[in-house]
Amino acid sequence: MRAAVVTSFGGPEQVEIIETALPEPGVGQVRIRVAAATLNPVDGAVRAGVFGGEGRPLGLGWDVAGTVDAVGPGAGFAVGDEVVGLAYGPHKELGTHADHAVLDATAVAAAPRSVDAVHAATLPLNALTAAQGLDLLALSPGQTLLITGAAGAVGGFAIQLAHQQGLIVTALAGADDEELVRSLGADHFVPRSGPTAPSGFDGVLDAAVLGEAALALVRDGGSYAGVIPGAQPASVRSVRTAAVEVSPDGARLATLSALVDEGALTLRVAETHPLAEAAKAHARLAEGGVRGRIVLVP
């Protein structure tokens, strides 16, 4: 089968498509024939060497949507099941940017029935990050939440999930994104380039990685959650600070998948590229300005 890997760090030109043996699922694993796999900023970070690992091929791709075509003992899925899943980790030998991917069954869930595989592939990484980030904040219905980077993939899911939790959501994003974030359920909007955002929020989900500038907008004793593991600012004014390190969670992913079918979560695709043009897709991602996700289709 084909797979996208990097063997040397650098720009998009470092992405290679190799031929490799078809992987076999072990105990508690499934093999998925990939129908679509999202390209995320974390893939660009792996390619650039942010996580290290030089000296061996590193597989790219975390999200996947496709069809189970082989199962290991105790996997709990059947050949032919349509699924989505999260292949966690920056140091994988093979990722989901491939013709097939092997995942632990605990990282897999039934795919949403109401959308195609290209849209379904945008769900796992970013929706789980948003959900787990909101868990860290531990806010109650009626409390106030500021989401930075609200028009991005994580931010967009966070708006919708927070709205469902009964939180009062303020979205901070580019001026051109006001209509989008309000359509996702934001109660209030603050333009990124406008006056300083109001302060006193019960919590901030800092999807834009503003750090201390976002922390300053939290009330004394509130909570801050970042999206880069270990990179949250130090606590001040008794504000709890943490950062989500997304973890595979098939049960939670199944809940998110059901929310898609209920019309409560919106999936956004910006572009699709064939797997063979993965380097071109990386170059497009690096240009920025993408609303929705770039998806690779084998």
So, with points 7 Å from each Cα along the Cβ direction, the residue 240-residue 182 label distance in nm works out to 3.3
Under the 7 Å Cα-to-Cβ spin-label approximation, residue 8 and residue 258 lie apart by a distance in nanometres of 5.0
Two pseudo-spin positions, 7 Å from Cα along C-beta at residue 291 and at residue 69, lie apart in nanometres by 3.6
For the residue 251, residue 193 Cβ pair and Förster radius 45 Å, calculated FRET efficiency rounded to 0.05 is 0.65
A 1.4 Å probe over the protein heavy atoms gives the chain a carbon and sulfur accessible-area percentage of 52
Here FRET efficiency (C-beta to C-beta, residue 54 to residue 1, R₀ 25 Å, nearest 0.05) is 0.55
Looks like region 1-156, by Cα gyration tensor root eigenvalues a ≥ b ≥ c and the a/c under 1.5 rounded cutoff (else prolate when a/b is bigger than b/c, oblate otherwise), is oblate
Averaged per residue, the 1.4 Å probe accessible area of the chain, protein heavy atoms only, in Å², is roughly 40
Here the FRET efficiency for residue 24 versus residue 93, based on Cβ atoms and R0 = 22 Å and rounded to 0.05, is 0.95
Lys and Arg at +1, Asp and Glu at -1: neighbours of residue 86 with Cβ under 11 Å from its Cβ sum to -2
Here the net charge surrounding residue 282, from other residues whose Cβ is less than 14 Å away from its Cβ (Lys, Arg +1; Asp, Glu -1), is -2
The alpha-carbon pair-distance distribution computed for the chain, with 5 angstrom bins and whole-percent values, is 1, 6, 13, 16, 17, 16, 13, 9, 6, 2, 1, 0
Residue-normalised 222 nm signal for the chain, counting each DSSP H run of n ≥ 4 as -39,500 (n - 2.57), nearest 500 deg cm²/dmol, is -6500 deg cm²/dmol
With a ≥ b ≥ c from the Cα gyration tensor eigenvalues, square-rooted, and the rule rounded for a/c under 1.5, otherwise prolate when a/b > b/c and oblate otherwise, region 33-74 is oblate
Sorted list, accessible surface of protein heavy atoms, 1.4 Å probe, largest first, for 93, 277 is 93, 277
Neighbours of residue 269 by Cβ distance under 14 Å: Lys/Arg at +1, Asp/Glu at -1, summed charge +1
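The values are calculated or read from the model by the stated rules, or taken from the named source; none is laboratory data. What you see is a predicted model, and the numbers here were worked out from it, not measured in a lab. Note that we place each Cβ from the backbone using ideal geometry, even for glycine, and neighbour counts take in every protein chain shown. What goes into the accessible areas is simple: the full protein's heavy atoms, side chains included, and nothing from ligands, DNA or RNA. Shrake-Rupley method; radii C 1.70, N 1.55, O 1.52, S 1.80 Å.
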